[in-house]
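The values are calculated or read from the model by the stated rules, or taken from the named source; none is laboratory data. This is a predicted model, so every value here is computed, not measured. Note that we place each Cβ from the backbone using ideal geometry, even for glycine, and neighbour counts take in every protein chain shown. For the accessible areas, the whole protein counts, side chains as well, though only heavy atoms, and no ligand, DNA or RNA atoms are used. Shrake-Rupley method; radii C 1.70, N 1.55, O 1.52, S 1.80 Å.
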Amino acid sequence: TGSAGRRLAVAAPLFALAACLLVWAKSDADGFGIIWRYSGWANQTLGVCALVTVTIWLVSHGKRRVAWMPLVPLAFYAFITCTFLLSARIGFNLPIQVAYAVGAIFAIAACALSLWWGSRRREETGAFIKDEDSTMRENQE
């Protein structure tokens with residue numbers, strides 16, 4: 001019963017918020033369009049966060065050779081998301097040239113910081129995490 005009460009305490013406000021958003025979206029002529037833009041931006045931001053996390057994990061676990069796999073979509077999504085937020089009316093409404101420049105800088109910084117943070121975590125926990133090369137050598141012996 002305690003667990004069900006805690007779940008209800010978390011779920012009830014979320015359901016109430018969703019119901020309020022749906023009522024507002026139906027009552028406002030542009031309501032759905034506004035919600036769609038914000039949920040799209042939030043989804044892309046979540047994707048950037050997930051790709052940063054995967055990159056950090058790969059680098060910190062000695063899989064730097066395959067870290068390019070999340071880095072490519074990370075650079076793309078970071079650029080697109082930042083550029084949209086800076087240039088859109090619902091964002092900062094800056095000129096598109098400024099948004100492109102800042103978006104490119106943000107994408108490069110996101111990739112570089114992900115690699116740096118993963119390397120830093122590897123140095124901190126290096127004694128506990130084997131890289132894939134040493135694991136492969138051990139398996140061959």
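Answer with yes or no whether Ser114 is modelled with pLDDT under 95, open to solvent by less than 60 Å² (accessible area, probe 1.4 Å) and more than 30 Å from Ala18 (Cβ to Cβ).
Criteria not met by Ser114.
Within region 24-40, work out how many residues are part of a helix (DSSP H, G or I) and open to solvent by 100 Å² or more (accessible area, probe 1.4 Å).
Residues meeting the conditions: 4.
What about Arg65, is it more than 30 Å from Gly33 (Cβ to Cβ), in a helix (DSSP H, G or I), in contact (Cβ under 8 Å) with a residue 60 or more places away in the chain and open to solvent by less than 100 Å² (accessible area, probe 1.4 Å)?
No, not satisfied.
Filter region 68-107 down to residues that are assigned to a helix (DSSP H, G or I) and aromatic (Phe, Trp, Tyr) and give me whichever is least open to solvent (accessible area, probe 1.4 Å). Please lay out each step first, then the result.
Taking region 68-107 as the starting set, the residues that turn out to be assigned to a helix (DSSP H, G or I) are 68-87, 96-107.
From what is left, the residues that are aromatic (Phe, Trp, Tyr) are 68, 76-77, 79, 84, 100, 106.
Values: Trp68: 144, Phe76: 116, Tyr77: 81, Phe79: 58, Phe84: 79, Tyr100: 116, Phe106: 92 Å².
Result: Phe79.
Need the failing condition index for Leu58 against (1) buried (at least 18 other Cβ atoms within 10 Å of the Cβ); (2) outside any helix (DSSP H, G or I), just the number.
(2)
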